[in-house]
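J.: First the structure, which I've put down as structure tokens, then a few questions once you've had a look.
The values are calculated or read from the model by the stated rules, or taken from the named source; none is laboratory data. Note that the structure is a prediction, hence the values are computed from the model and not measured. Positions of Cβ are backbone-derived with ideal geometry, glycine not excepted, and every protein chain shown enters the neighbour counts. Surface areas here come from the heavy atoms of the whole protein model, side chains and all, with no ligands, DNA or RNA. Shrake-Rupley method; radii C 1.70, N 1.55, O 1.52, S 1.80 Å.
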2 protein chains.
Amino acid sequence: MVALGGLGEIGRNMTVLEHDGRLLIVDCGVLFPEEHQPGVDVILPDFTSIRDRLHDIDALVLTHGHEDHIGGVPYLLRERPDIPVVGSRLTLAFVAAKLKEHRIRPVTHQVREGDRSTFGPFDCEFIAVNHSIPDGLAVAIRTGAGLILHTGDFKMDQFPLDRRITDLRAFARLGEEGVNLFLVDSTNADVPGFTTSEAELTPAIETVFRTAPRRVIVSSFASHVHRIQQVLDSAAVHGRKVAFVGRSMVRNMGIARDLGYLTVPPDLVVDMKALEKLPPSQVCLICTGSQGEPLAALSRMANRDHVIRITDGDTVLLASSLIPGNENAVYRVINELTRWGANVVHKGNAKVHVSGHASAGELSYLYNLVRPRNVMPVHGEWRHLNANAAIAVRTGVHPRGVVIAEDGVAVDLLDGKVHIAGKVPAGNVYVDGSTVGGATEAHLRDRRTLAQEGVVTVVAIVDADTGALAEKPDFLARGFVHDERTFDEVVPLIERALAKAAEEGVGGSVQLEQLIARAVGRWADNAYRRSPLIIPIVIDA
Amino acid sequence: MVALGGLGEIGRNMTVLEHDGRLLIVDCGVLFPEEHQPGVDVILPDFTSIRDRLHDIDALVLTHGHEDHIGGVPYLLRERPDIPVVGSRLTLAFVAAKLKEHRIRPVTHQVREGDRSTFGPFDCEFIAVNHSIPDGLAVAIRTGAGLILHTGDFKMDQFPLDRRITDLRAFARLGEEGVNLFLVDSTNADVPGFTTSEAELTPAIETVFRTAPRRVIVSSFASHVHRIQQVLDSAAVHGRKVAFVGRSMVRNMGIARDLGYLTVPPDLVVDMKALEKLPPSQVCLICTGSQGEPLAALSRMANRDHVIRITDGDTVLLASSLIPGNENAVYRVINELTRWGANVVHKGNAKVHVSGHASAGELSYLYNLVRPRNVMPVHGEWRHLNANAAIAVRTGVHPRGVVIAEDGVAVDLLDGKVHIAGKVPAGNVYVDGSTVGGATEAHLRDRRTLAQEGVVTVVAIVDADTGALAEKPDFLARGFVHDERTFDEVVPLIERALAKAAEEGVGGSVQLEQLIARAVGRWADNAYRRSPLIIPIVIDA
């Protein structure tokens, strides 16, 4: 078994199981780039280790419909479109919508909790789990080598809106049978206690709808069906009509409604045109952009770049988390909305968000219920994996049975014991515009330098024999602070370097370009304490 | 009165008061750049509006020694070195150390709580306030126009380590006298309740020292004398020796110790050489880098780029906040430290940090005590200023007496009433390498494009008469994903554009460069969905 993603990072979750020469894949997600990865759209798992074995794949099992679990599916199916895609009804609907944009029609196999299906040598049983999207599944995989249980993403809300709780009876039963390897969601393992129930948000959401003098504008994750359900229910009670704003929100809520995951009272949801005719106190908008994404509806409202203009007395409800790295973007949106006169209610000042992942308390219950032989924490950065491992050990799992692995580390299950069996490539595959995998760490390094320091292009027409400049070099700088005279002082330095090169018989344009780059680089550092990227161009006179 | 910084942002606090043609400045800080301001070192207030009036300045009053209050002083004193700098003992010591690096010897005027000093028409009284650095002062300024009271940064810890509490009796007395305009720190105005006392961190810090099996490595702000005091005390109790690591930590703790703000038990602090000879269980290091700054000690330890090598069993205590925007950097450090085997204790998993600012509860006490005529929230983004204003109104200040102003907005106090009286320049002044103010928004826009999209330089040698290319153009790309063949497809597009230009009689190299840039830009967008910065260079054949 090898995780191609999700270990040491929150995202691009993908686990490959192998038995009898056949493969089963659990999830295929994307990772969102951090600020040191500029220009990258998303990051995929590296498919190198399975690329030659695509026809050995018996199934791709998807635990739920979040991007970090399904976002990579189009890229995997590009390589082999007929891999059977297995998942619950809502998960498959979200995947199908995504694949449609990529013009791929998948071969799907719909399952639900309690089902047991065999894919090659993999006997899979699906177990209901509660998460921040409906219809999540854990999967128990029985092979000749033993029973592997993968939680997917989960928490243990005892009062979810859909009454579909994490099926602890099934976990207990599997524990009785004997779980040889337990793969457990680590995202909140370092959060003490228990994740609050979604139902406990009702009072704060109600308060917003009860007290808002004018429009209510709600932003949340476009896949958080239950959160949106709570908003719809409150809107209905307080006599407001609702419109969805933002492509993914409109699309996902349409799917959720059509499939019965979202219950919409008759005539509650209307289109923008109808909404605009109502008095503000009867209006509710539900939109994308809760993470401060610059192109999403909420950011555009904050920047007055949207048909919906925030005015004094509007209430904005950010019913969402604050994903690390997005803080400044979100606070910028909150500040701008505040400035236009909106009252912004968010998790910092009201109880309007709970996490979708099990905290340390819930994990301890789960370990004590399952009593697994071996544990491998998944879905987390090192601090999360480490905290999860500590909980497993504390509940009595033998420390040698707890494996903290990195992406690409192959873990074998043999005679009930786990062994590290090698390593396969598991680097970052960057989706960058329409290129996949073309962007390298070197590109990102260049981009970081360009961002911090700018670029200076130097065009020098040089007489190859004498090393003399035919004319004053041209300097074209961007992002590097300069005026018309700035580069005058570097010309003599270039001249000197070229003259010296000519004396020494150095004359190839590549060598001269290096010389020029070095002279300009040294000058920029000395004179301005900057290290711009320098692009030297030498042309024969 | 005009704030040149600190309104709508957390940082570069600077307020300019004018009376009878004379000026008094309160604080002169820097703002740290956000991720959309790449390459910028720090951001200064814009001195434009006072540049012609430097000799009207009677004093620069510094409320305390944090960078966002004193970081801009060297840049202001560069313009007039003999501006009298007024502050408490520790504040002046921190400023002097900073100015020494800039080779400026300031004219200082030391004050302490209870002092009353006159600078031109400004009669200043200084009041003790408690904050996350010792020796903080609020300042009451009496002029012919009335009494202005500025809190500086403060909180109301009732049990500070140095027993120097915020002097509420003085605030009450000034309230009795009648405060015409009250400038109040807004940083935590949107945090409900009361800021926890520094003293309540003792148990968690003690636990670290009691239970750590090997070395204890503490990282905190290099100015947080009381936090470091707690660490020293705990280290002493548990028989550990201490070394300071990191330039600013060594410097500041030296100053604090010399002046008696930091009490160091005899023989507790040793140098690194002595420390290395001790068993790990007797070692404590106190270092910089609690915000994940890449060049600070802790990040370098995390990256194995420091003489101190983290090993299994080390305990790292991050006794600090997580400033918004630094999350990913800090979590990266925590993950790497965890990976090397360290147990990382931080505010996410233990009570090891409290804020330095008054929360909403404390602010309500203060307003009720002072009962100001007019209020102007300072030190905060819009969401903070707004929350602070709401508290003032709730305590009974008339809404018309509460001014939420932006940087540069001139506020007049006349007959006990406040009026908006105009606006002065208050844009961002960027310190960028050794240039001050040279970097513009256009530079930052270019840098963001360079970061996201990279740069493509195109060198074309063109026959001006025929518009024909003398040879295949040269393409030099950085940060833009390409291979040797990528640019082949754009050559015919350039040829076509040049031919068309020749037909139409367009021939200047500037025009041809624009044509080429447009052709390449369109191609990159169509073929790769990217928009690199394009630098076209046309050379006459």
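J.: Out of the residues in segment A:426-445 that are in contact with a strand residue (DSSP E or B) (Cβ under 7 Å, 6 or more places away or on another chain) and crowded, with 21+ Cβ neighbours inside 10 Å, which is farthest from the other protein chains (Cβ to nearest Cβ)?
T.: Looking at the filtered set, the residue picked out is A:ALA426.
J.: When you go through B:PHE480, B:PHE475 one by one, which is the residue that is part of a strand (DSSP E or B), within 14 Å of another protein chain (Cβ to nearest Cβ) and not charged (D, E, K, R)?
T.: On inspection, the qualifying residue turns out to be B:PHE475.
J.: If we scan segment B:320-329, do we find a residue that is under 21 Å from B:ALA222 (Cα atoms), open to solvent by less than 20 Å² (accessible area, probe 1.4 Å), not in a helix (DSSP H, G or I) and not assigned by TED's automatic domain parsing to the domain that holds B:ASN388?
T.: Within segment B:320-329 (the criterion being under 21 Å from B:ALA222 (Cα atoms), open to solvent by less than 20 Å² (accessible area, probe 1.4 Å), not in a helix (DSSP H, G or I) and not assigned by TED's automatic domain parsing to the domain that holds B:ASN388), the answer is yes, since at least one residue qualifies.
J.: Let me ask something else. Quick test for you: out of B:ALA527, B:ALA499, pick the one residue that is among the aliphatic types (A, V, I, L, M), farther than 27 Å from A:VAL458 by Cβ and out of contact with any helix residue (DSSP H, G or I) (no Cβ under 8 Å at 6 or more places or on another chain). First the steps, then the outcome.
T.: On the way: B:ALA527 fails: out of contact with any helix residue (DSSP H, G or I) (no Cβ under 8 Å at 6 or more places or on another chain).
Just a single option satisfies the conditions, and that option is B:ALA499.
J.: Related question: Inside segment A:398-423, can you point out the residues that are over 28 Å from the mean Cα position of the chain (by Cα) and buried (at least 21 other Cβ atoms within 10 Å of the Cβ)?
T.: A:LEU413, A:VAL418
J.: For B:ILE310, only one of the following conditions fails: (1) within 14 Å of chain A (Cβ to nearest Cβ); (2) modelled with pLDDT of 95 or more; (3) in a loop (DSSP other than H, G, I, E, B); (4) open to solvent by 10 Å² or more (accessible area, probe 1.4 Å). What is its number?
T.: (4)
J.: Those residues that are at pLDDT below 95 and out of contact with any Pro (no Cβ under 9 Å at 6 or more places or on another chain), I need them from segment B:123-145; list them, please.
T.: Within segment B:123-145, just B:ALA145 meets the criteria.
J.: Report the residue count in segment A:511-539 for those that are within 42 Å of the chain's Cα centre (by Cα) and either open to solvent by 40 Å² or more (accessible area, probe 1.4 Å) or free of Cβ contacts under 8 Å to residues at least 60 places away in the same chain (or both).
T.: Residues meeting the conditions: 13.
J.: Right, A:GLU67: under 19 Å from the mean Cα position of the chain (by Cα), charged (D, E, K, R) and open to solvent by 10 Å² or more (accessible area, probe 1.4 Å) or not?
T.: yes
J.: Does any residue of segment B:446-462 turn out to be more than 30 Å from A:ASP525 (Cβ to Cβ) and either away from chain A (no Cβ under 14 Å) or buried (at least 19 other Cβ atoms within 10 Å of the Cβ) (or both)? Step through it out loud before you land on a result.
T.: Looking only at segment B:446-462, we keep the residues that are more than 30 Å from A:ASP525 (Cβ to Cβ), and these are B:460-462.
With either away from chain A (no Cβ under 14 Å) or buried (at least 19 other Cβ atoms within 10 Å of the Cβ) (or both) added as a condition, the list becomes B:460, B:462.
Yes; the residues of segment B:446-462 include at least one that is more than 30 Å from A:ASP525 (Cβ to Cβ) and either away from chain A (no Cβ under 14 Å) or buried (at least 19 other Cβ atoms within 10 Å of the Cβ) (or both).
J.: Looking only at segment A:330-340, filter to residues that are more than 7 Å from every other protein chain (Cβ to nearest Cβ) and in a helix (DSSP H, G or I); which one of those is nearest to the chain's Cα centre (by Cα)?
T.: Within segment A:330-340, the match that is nearest to the chain's Cα centre (by Cα) is A:VAL330.
J.: Further question on the same structure: Are any residues in segment A:485-541 of a type in the set (Lys, Arg) and not in a helix (DSSP H, G or I), and if so, which ones?
T.: A:ARG485, A:ARG529, A:ARG530
J.: Here is a follow-up. Return yes or no: is A:ALA389 modelled with pLDDT of 95 or more, surrounded by 21 or more Cβ atoms within 10 Å (Cβ to Cβ) and more than 9 Å from chain B (Cβ to nearest Cβ)? Please lay out each step first, then the result.
T.: Details: modelled with pLDDT of 95 or more: yes; surrounded by 21 or more Cβ atoms within 10 Å (Cβ to Cβ): yes; more than 9 Å from chain B (Cβ to nearest Cβ): yes.
Considered against the rule, which asks whether it is modelled with pLDDT of 95 or more, surrounded by 21 or more Cβ atoms within 10 Å (Cβ to Cβ) and more than 9 Å from chain B (Cβ to nearest Cβ), A:ALA389 comes out as yes.
J.: Pairs please, first residue from segment A:251-266 and of a type in the set (Gly, Ala, Ser), second anywhere and in a loop (DSSP other than H, G, I, E, B), Cβ atoms under 8 Å, 6+ apart in sequence or on different chains.
T.: Close Cβ pairs satisfying both conditions: A:ALA256/A:PRO134; A:ALA256/A:LEU262.
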